[in-house]
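Please read the structure below before turning to the comments.
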Amino acid sequence: MSGGRGSALVVGVVVMVALAVAFHCEVAEAATYTVGGAGGWTFNVATWPTGKRFKAGDTLVFNYSPTAHNVVAVNKGGYQGCASPRGAKLYTTGKDQIKLAKGQNFFICNFPGHCQAGMKIAVTAV
C-alpha cells in the first residue's frame, strides 16, 4: 500500500510543478509597452502601435502630464469620432497602466482638440 501512496504523491507533485510552470510561462509572456516611447502619451501618437504585436494581458503605460492630458478607453465609434461614449473609462493619473483585452482596444485623450490632433491609438491584441 505504501508504494501506491508514494506513486500518488509523486504524480501530485508532478501535476503541481506542471501547473506552476504553465502559469509562470503565461505570466512571463505578458509585455509592457510605454505608449509613445520616450516621448510618452502626446500628440501624433496614432501610428505608434504600427509594427508591434500585442497580446491580451500586455500592459500599456501612458505617461503624461495630468494637467494637460488624460486617457479614455473608448469603443471604435468613440475612437473614430473622437468622442467619449457614456460609461467610458477615464484615466487621469499621468502614469496609467492598462491591460489589453483580446481584440480591439481604443484610447483617446478627450481634452478639446487633442484626439483630433492625433492623440489616440488603436491596438489589436491577439
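Miscellaneous remarks
- Each of W41, W48 was scored by other Cβ atoms within 10 Å of its Cβ. Arranged with the fewest first, they read W48, W41.
- Eligible lysines near K89 by straight Cα distance, threshold 20 Å, same-chain separation 8 or greater: K76, K99, K102, K120
- Gap separating the Cα centres of region 28-83 and region 102-118, nearest whole Å: 8 Å
- I121, I108 arranged by Cβ crowding within 10 Å, fewest neighbours leading: I121, I108
- In terms of other Cβ atoms within 10 Å, Y91, Y64 run from fewest to most in the order Y91, Y64.
- You can think of it this way: the chain between A31 and K102 has 24.2 nm of extra reach, that is 0.36 nm per residue less the Cα-Cα gap.
- Charge-dipole axis of region 31-125 as Lys and Arg at +1 and Asp and Glu at -1 on Cβ define it, positive-most pick from C115, G77, A38: G77
- Label-to-label distance, A88 versus N75, with points set 7 angstrom from Cα along the beta-carbon direction: 1.2 nm.
- Rg of the Cα atoms in region 31-125, relative to 2.2 N^0.38 Å, amounts to 0.95.
- Fully extending the segment from N44 to A117 would add 25.6 nm, taking 0.36 nm per residue of separation and subtracting the current Cα-Cα distance.
Rule-based calculations on the coordinates, nothing more; no lab input. What you see is a predicted model; the values in this text were computed from it and never measured. Methodologically, a virtual Cβ is constructed for each residue, glycine included, from the backbone with ideal geometry; neighbour enumeration extends over all protein chains shown.
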